[in-house]
Amino acid sequence: MKVAFYAPLKAPDHPVASGDREIARALMQALSTAGHEVTLASRLRSFDAHGDAMRQARLAQVGQRVGRRLVAKYAGAVNGPDVWFTYHLHHKAPDFPGPLVTRALGIPYIVAEASIAPRRREGPWAAGHAHACTAIRDADTVIFVNPADIREVRKARGEHAPFAMLAPFIDVSRFAIERPPRSTIAGAPIRLITVAMMREGVKLASYRLLADALGRLRDLRFALTIVGDGPARASVESAFARLADRVTFAGVRSKDDVAALLQRHDVFVWPAIGEAIGIAFLEAQACALPVIGGAAPGVAGVVAAGRTGLLVPPGDSGAFAGALRRMIVDGPLRERMSADAFAHVRAHHDLPAAARRLDAILREVVARHRTEHAAAALPW
């Protein structure tokens, strides 16, 4: 099938790295792996970070123009798209062209990772909320990646509206080929690592909680490597100032460098406050690292709690410190979780499995769409 792919929050070839960009890229790769011909329909970024009503109105106008141009382009093509696939649709980043194009061409409209925040129905994002809800209701199916989205989206679409589940995934082949050995030098510090951008808001809150939790464990031998950078770097460095002798700032690294760094460490740690989907946790487990994180729904969906890592209530510094202490002092626990993490990601969150799942979803949606449209065309 020919798939027109669109990510209104951030295009997969956007120059600024983020988890959202990586998931968009992974979805395109999985669709291609399944044998579909995937093209990026538009790079229009409909993101409004600050609740600016005028910006939302302008974006809606631009989105409609982009949609009309795409309709003209596809209608005149010998082989236009068989399906439109939008990734990550919500009130801050509505999909303006997708519904317009799919109605005009009579093709299925699929949305992956749609979310609805009822409190945004009124206020500065009211227009974006309305556009997002309309698109979500119009979708032929919604694919849930983050379990936290299910309740509100299904409420808006109706209990009988089609939906599908897709486990978060990565291309494991880009990480460890086989489980790497861990250092067993007696008395050596336990090597902790985290990988996250440095931004204000929940990212900075997570860094501050991690610094506070580690500050309670100065009686233990550990060293922390932080991979990432961003506008909140100074605030992050300030949070770790009293642990400066134990912390290394590695900056932004390539995917290959991140994989190599993960393989040289013992435990991945990240409080994950407000984390939607824990891709970094998948990457760490693919490198056979046990993990410690906050039990946000998206993280709980990729970590087998108690088997591949330890999860604690999000935002609880004391509980996070307790989990850190347990993992640092218990070598057999780390070794057992290392092996289980390695096996877990390969069995449940690898690219080939995601490709098969997406292929099945697309084929089911297209078949149902054709049946429904054929029935609607009958003369009764």
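Read the figures in this text as sums done on the coordinates, not as results from a lab. Since we're looking at a predicted model, the values are computed, not measured. Ideal geometry is used to build each Cβ from the backbone, glycine not excepted, and the neighbour counts take in all protein chains shown.
When the helix-only estimate is applied to the chain (DSSP H runs of n ≥ 4, each -39,500 (n - 2.57), divided by the residue count), what is the mean residue ellipticity at 222 nm, nearest 500 deg cm²/dmol? Working shown, then result.
On the way: 13 runs with 167 residues, N = 380.
Result for the chain, helices only: -14000 deg cm²/dmol.
With a Förster radius of 45 Å applied to the C-beta separation of R43 and L333, the computed FRET efficiency comes to 0.45. Spin-label model, H348 to A305: label points 7 Å out along the Cα-to-beta-carbon direction sit 1.2 nm apart.
Highest mobility in the GNM of the chain, judged by mean-square fluctuation with C-alpha springs under 10 Å and restricted to V16, V365, V252, is found for V16. Note on D256/R356: beta-carbon distance plugged into 1/(1 + (r/R0)^6) with R0 of 22 Å gives a FRET efficiency of 0.25. What does a probe at E152 reach in segment 75-116, counting residues whose amide N is under 19 Å from the point 7 Å along Cα→Cβ? In segment 75-116, the label zone of E152 (backbone N under 19 Å from the point 7 Å along Cα→Cβ) covers 87-96, 111-116.
The calculated FRET efficiency for R264 paired with E237, based on their beta-carbon distance and R0 = 22 Å, is about 0.45.
With the cut-off at 1.5 for a/c, could you classify segment 173-348 from its C-alpha gyration tensor as rounded, prolate or oblate?
On the way: a/c = 1.31, a/b = 1.21, b/c = 1.09.
It is rounded, given that a/c, with a ≥ b ≥ c, falls under 1.5.
Classify the chain: rounded, prolate or oblate, from the alpha-carbon gyration tensor (a ≥ b ≥ c, eigenvalue square roots; a/c under 1.5 rounded; otherwise prolate if a/b is larger than b/c)? Here the chain falls in the prolate category. Using a Gaussian network model of the chain with C-alpha springs under 10 Å, which one of G158, G35, G315 is most mobile by mean-square fluctuation? Residue with maximal mean-square fluctuation among G158, G35, G315: G158.
Would you please classify the overall shape of segment 34-137 from the alpha carbon gyration tensor, given that a ≥ b ≥ c denote the square roots of the eigenvalues, rounded means a/c under 1.5, and beyond that prolate means a/b larger than b/c while oblate covers the rest? Prolate.
Where in segment 201-248 are there trypsin sites (Lys or Arg not before Pro) that are in a DSSP coil and have at most 15 other Cβ atoms within 10 angstrom of their Cβ? Walk me through the intermediate numbers first.
Values: sites: K203, R208, R216, R218, R221, R233, R242, R246; in loops: R216, R218, R221.
The qualifying sites are R216, R218, R221.
The charge dipole of segment 173-348, taken about the Cα centre with unit charges on the Cβ atoms of Lys, Arg (+1) and Asp, Glu (-1), comes to about 220 debye, rounded to the nearest 20.
Longest span of the chain, sites excluded, free of GluC sites (Glu not before Pro) in DSSP loop with at most 11 other C-beta atoms within 10 Å?
Numbers: sites that count: E122, E159, E178, E200.
Result, exposed sites excluded: 201-380.
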